[in-house]
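To keep things clear, I will list the structure first and then write my remarks on it.
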Amino acid sequence: MPHSKNMRNVLQDLKKLADKKYQKFTSGLLPGVNYILGVRVPKIRAYAKTFKPEETQNFCKNYKVKYFEEYFLKAILLAYICKQITPEKATKLIQGFIPSISNWSVCDAFCADLKIIKKYPETFLPLILKNLKSNQEFAQRTALNLARAYYLQSPYFKQILGAVLKLKPTKYYAQMAQAWFMCEAYIKQQRLTKPTLKYLTPEVYAMTARKLKDSYRVK
C-alpha cells in the first residue's frame, strides 16, 4: 500500500522517480521552465493512480506547486476530479487552474484528460469562448486545444470558428495551437473553413499551410 500523499511526501516521491539525463532532455523541450526534476510522464501518471480520493482533493486544494512535475501531477489529478463532479463545478475548477499553466506540456496533458467536455459540450462552451478572448498564451492554447478536440461539429462549429478567427495570437504556443485547430477544421469542415484562412495572421497562416501540406488526410 502506498503511503499517505501528504504535503511533504509528494516532492520526495517525485525526486525518487527522477532521472538526471531525462531532466536535461525535458529542459530542452520546455524553454523558460526553471524547475524540472526529470520524471518521465508515464511515471507521473502511474504515481497519480496511487492517490486516494481524499489525497487527490488535499493535494489539489492545498499543495503549493513549484516543479514542472508537480504542475503536471496536479493537472492530471484535477482532470480526474472533473470526472467525479458536476460539469458546472468542473467548469469552475478548470477555469481556476488555467491561469497557472505556463508550458505546453502541462497544457496539452490537462486538455487531453478533460474528456468530460465531450459529454457536456454546451456546458463548457462559455469556458472555451472566454479563454479564446484571453491575452494569456496558455489560456489561449487551452481553449484552442479543447475547441479542436470537441467543437469541430454542428451545432458548435460556426460559432467556435468565428471566435477562433477573432483571436490574433502573438506567442508561439498559442499560434501553433491555432494552426493545429485550423488544420483539423479544414480537414473536417473544409467548405466552411477554406474561405476563412485568409483572416489568419501571416505567422499562423504559414503554420497552418505547413500542417496541411504534411497531413495525409488532406485531399
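None of the figures in this text is laboratory data; all of them are computed from the coordinates on show. This one's a predicted model, so the numbers in the text were calculated from it and none came from an experiment. Ideal geometry is used to build each Cβ from the backbone, glycine not excepted, and the neighbour counts take in all protein chains shown.
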Pick from Q153, Q57, Q12: which residue has the top mean-square fluctuation in a GNM of the chain where Cα pairs under 10 Å get a spring?
Q12
Taking only the alpha-carbon atoms of the stretch 117-219, what semi-axes of the equivalent ellipsoid follow from 5 times the gyration tensor eigenvalues under a square root, in whole Å, largest first?
20, 17, 11
Report, in deg cm²/dmol and to the nearest 500, the calculated mean residue ellipticity at 222 nm for the chain, where each DSSP H run with n ≥ 4 adds -39500 (n - 2.57) and the sum is divided by the residue count.
-20000 deg cm²/dmol
So what's the net charge close to L129: Lys and Arg +1, Asp and Glu -1, counting the other residues with Cβ under 14 Å from its Cβ?
+3
For the stretch 1-100, state which chymotrypsin sites (Phe, Trp or Tyr not before Pro) are in a DSSP loop and have at most 13 other beta carbons lying within 10 Å of their beta carbon.
Y35
If each Cα of the stretch 1-84 is one equal point scatterer, what is log10 of I(q)/I(0) from the Debye formula at q = 0.14, 0.15 Å⁻¹?
-0.45, -0.52
Gaussian network model of the chain, springs between alpha carbon atoms under 10 Å - residue of K21, K166, K133 with greatest fluctuation:
K21
